[in-house]
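Undergrad: Encoded as structure tokens, here's the structure I'll be asking about.
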Amino acid sequence: MEAARTETYLITGGCGYFGYRLATRLHKTGAQVILFDVTPPRQEVPEGMVFLEGDIRNYAQVGRAVAGVDCVFHIASYGMSGREQLNRDLIEAVNVGGTQNVIKACLECGVPRLVYTSTFNVVFGGQEIRNGDEGLPYLPLHLHPDHYSRTKALAEMAVMESNGVSLKDGSGVLRTCALRPAGIYGPGEQRHLPRIVSYIEKGVFRFVYGSPSSLVEFVHVDNLVSAHVLAADALTAARQHHSAGQAYFISDGQPVNNFEFFRPLVEGLGYPFPALRLPVGLVYFFAFLTEMIHHLVGPWYDFQPLLTRTEVYKTGVTHYFSMAKAKAQLGYRPEEQTLDEVVEWFRSRGHGRKRQGFAFSRLVVNLLLAAAFTAALLSFLPLVGS
């Protein structure tokens, strides 16, 4: 019997947290995997996995990477959180221009499948959504409170429009789909969780906001990996191209209050959970002022905003979605997860509240250093009457 052909997958942004996790899963199935990213992976690349350094803003580099692959997972993006959300030019170039390059390269090089990693935000802009589904229209572009969400919507539209377009080599058509994940978490996640932990350790996490009954969603990295593998498989002829031209909301399927979700992390690291609760409107106004200040001083001092307006909406306003379509068409079955592994990951790297005695001694040392500095400074002042 003829051996089954080994499939080759290209992952843009493949060296990031989720991209590399997806690559590892595909590699275990015996597939050839190409990691396409502007930075090399932190881990040693195993045999059967290849790293290609490149930028999706450069079409020539994208074209060389895409040539000869069976499926592209387009994960690379920019501007999801923090001060990155305020760099409009780079966000536009990566999210819109980069996606156009990926689509063009797939068509030019005869790649039959493209799976795009989108976001909840293509339909959400601060309005309450309960158990929404894929029938919801895109949020009007001018209503997006941040450029990241707006450009992700534009990119997803382009991916959807390219579904069914003939490949230039005459071998068939391009089949595309988009996955819209909730906030990603898992041990080793490097975008959101370290920022949260730094706020906890610096004593900044002193309040929560919004109604205690507000609900949002998260997705464990392994559940998101499974959804991507299933979506790519559902683009094949063997699966009657079930996912072609479709978008899917992906989460753990467990709506939860944003701050209660992180309670195990806060308390697991030995810190008290905040009792002060502020209204969303007040925190949103503070975020707006912070963004304005960043706009003014950013060219000289690119500080990290405590929160952006979009982050306030995403964490303080109810929005969650049905998994019915992903379950029915992809066979998606999210596994139940907790933050236990995340807490252990941070504790194993030295994070967590130190003993009170150590904290007190550090305070004493800091006070002594401050006193010594003050005394040295005063020694340079002229004496009275001299």
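The values are calculated or read from the model by the stated rules, or taken from the named source; none is laboratory data. Quantities reported herein were computed from a predicted structural model and do not represent experimental measurements. Quick reminder, even Gly has a Cβ in these numbers, built from the backbone with ideal geometry, and neighbours come from all protein chains shown.
Residue by residue, here is whether (1) of a type in the set (Gly, Ala, Ser); (2) in contact with a His (Cβ under 9 Å, 6 or more places away or on another chain); (3) farther than 22 Å from residue 252 by Cβ holds:
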{"position": "142", "(1), (2), (3)": "no, no, yes"}
{"position": "148", "(1), (2), (3)": "no, no, yes"}
{"position": "166", "(1), (2), (3)": "yes, no, yes"}
{"position": "170", "(1), (2), (3)": "yes, no, yes"}
{"position": "180", "(1), (2), (3)": "no, no, no"}
{"position": "189", "(1), (2), (3)": "no, no, no"}
{"position": "201", "(1), (2), (3)": "no, yes, yes"}
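Undergrad: Oh, and also: Would you list the helices (runs of 4 or more DSSP H) that sit entirely within region 260-359 and hold 1 or more residues that are free of Cβ contacts under 8 Å to residues at least 24 places away in the same chain? First the steps, then the outcome.
TA: Values: elements: 280-297, 309-316, 324-330, 340-347.
Answer list for region 260-359: 280-297, 324-330.
Undergrad: Still on this structure, I have one more. Checking residue 241 against (1) touching a Lys or Arg at 6+ places or on another chain (Cβ under 7 Å); (2) crowded, with 20+ Cβ neighbours inside 10 Å, only one condition comes out false. Which one?
TA: Status for residue 241: all satisfied but (2).
Undergrad: Here's something else I'd like to know. Which members of region 60-81 meet the condition of being touching a His at 6+ places or on another chain (Cβ under 9 Å), closer than 30 Å to residue 306 by Cβ and not β-branched (Val, Ile, Thr)?
TA: Taking region 60-81 and keeping what is touching a His at 6+ places or on another chain (Cβ under 9 Å), we get 73, 75, 79-81.
Narrowing the set further to residues that are closer than 30 Å to residue 306 by Cβ leaves 75, 79-81.
Scanning region 60-81 gives 79, 80, 81.
Undergrad: Could you run through region 219-244 and say how many residues are within 14 Å of residue 178 (Cβ to Cβ) and touching a Gly at 6+ places or on another chain (Cβ under 7 Å)?
TA: Residues meeting the conditions: 1.
Undergrad: Kindly provide the set of residues from region 200-221 that are surrounded by 14 or more Cβ atoms within 10 Å (Cβ to Cβ) and either assigned to a helix (DSSP H, G or I) or hydrophobic (A, V, I, L, M, F, W, C) (or both), ordered by number. Working first, answer last.
TA: The initial filter retains those residues of region 200-221 that are surrounded by 14 or more Cβ atoms within 10 Å (Cβ to Cβ), namely 200-201, 205, 208-210, 214-221.
Those that are surrounded by 14 or more Cβ atoms within 10 Å (Cβ to Cβ) and either assigned to a helix (DSSP H, G or I) or hydrophobic (A, V, I, L, M, F, W, C) (or both): 200, 201, 205, 208, 215, 216, 218, 219, 221.
Undergrad: List the strands (runs of 3 or more DSSP E) that sit entirely inside region 2-72 and contain at least 3 residues that are modelled with pLDDT of 95 or more and in contact with a helix residue (DSSP H, G or I) (Cβ under 8 Å, 6 or more places away or on another chain). Talk me through it step by step, then tell me what you get.
TA: Values: elements: 8-12, 32-37, 49-53.
Correct list: 8-12, 32-37.
Undergrad: Here is a follow-up. Any residue that is touching a residue at least 40 places away in the same chain (Cβ under 8 Å), aliphatic (A, V, I, L, M), touching a helix residue (DSSP H, G or I) at 6+ places or on another chain (Cβ under 8 Å) and farther than 30 Å from residue 272 by Cβ - is there at least one of those in region 189-209?
TA: no
Undergrad: Is region 89-102 home to any residue that is at pLDDT 95 or above, in contact with a strand residue (DSSP E or B) (Cβ under 9 Å, 6 or more places away or on another chain), surrounded by 24 or more Cβ atoms within 10 Å (Cβ to Cβ) and not hydroxyl-bearing (Ser, Thr, Tyr)?
TA: Scanning region 89-102, I find at least one residue that is at pLDDT 95 or above, in contact with a strand residue (DSSP E or B) (Cβ under 9 Å, 6 or more places away or on another chain), surrounded by 24 or more Cβ atoms within 10 Å (Cβ to Cβ) and not hydroxyl-bearing (Ser, Thr, Tyr), so the answer is yes.
Undergrad: Continuing with the same structure: Can you tell me which of 220, 241 is on the phi > 0 side of the Ramachandran plot and modelled with pLDDT of 95 or more?
TA: Working: 220 fails: on the phi > 0 side of the Ramachandran plot.
Answer to the selection: 241.
Undergrad: Further, regarding this structure: Scan region 54-80 for residues that are without any contact (Cβ under 8 Å) to a residue 60 or more places away in the chain and touching a strand residue (DSSP E or B) at 6+ places or on another chain (Cβ under 7 Å) and report the count.
TA: Count: 4.
Undergrad: Could I ask something else about it? Restricting attention to region 245-259, which residues are part of a loop (DSSP other than H, G, I, E, B) and surrounded by fewer than 21 Cβ atoms within 10 Å (Cβ to Cβ)? Explain how you work it out, then say what you get.
TA: Here is the first cut: in region 245-259, the residues part of a loop (DSSP other than H, G, I, E, B) are 245, 251-255, 257.
Scanning region 245-259 gives 245, 252, 254, 255, 257.
Undergrad: Further, regarding this structure: Suppose we keep only residues that are out of contact with any Leu (no Cβ under 8 Å at 6 or more places or on another chain) and among the aliphatic types (A, V, I, L, M) within region 42-60. Which one would you say is surrounded by the fewest Cβ atoms within 10 Å (Cβ to Cβ)?
TA: First pass over region 42-60, keeping only residues out of contact with any Leu (no Cβ under 8 Å at 6 or more places or on another chain): 42-44, 46-48, 53-60.
Restricting the remaining residues to those that are among the aliphatic types (A, V, I, L, M) gives 56, 60.
Details: 56: 27, 60: 10.
Out of the qualifying residues, it is 60.
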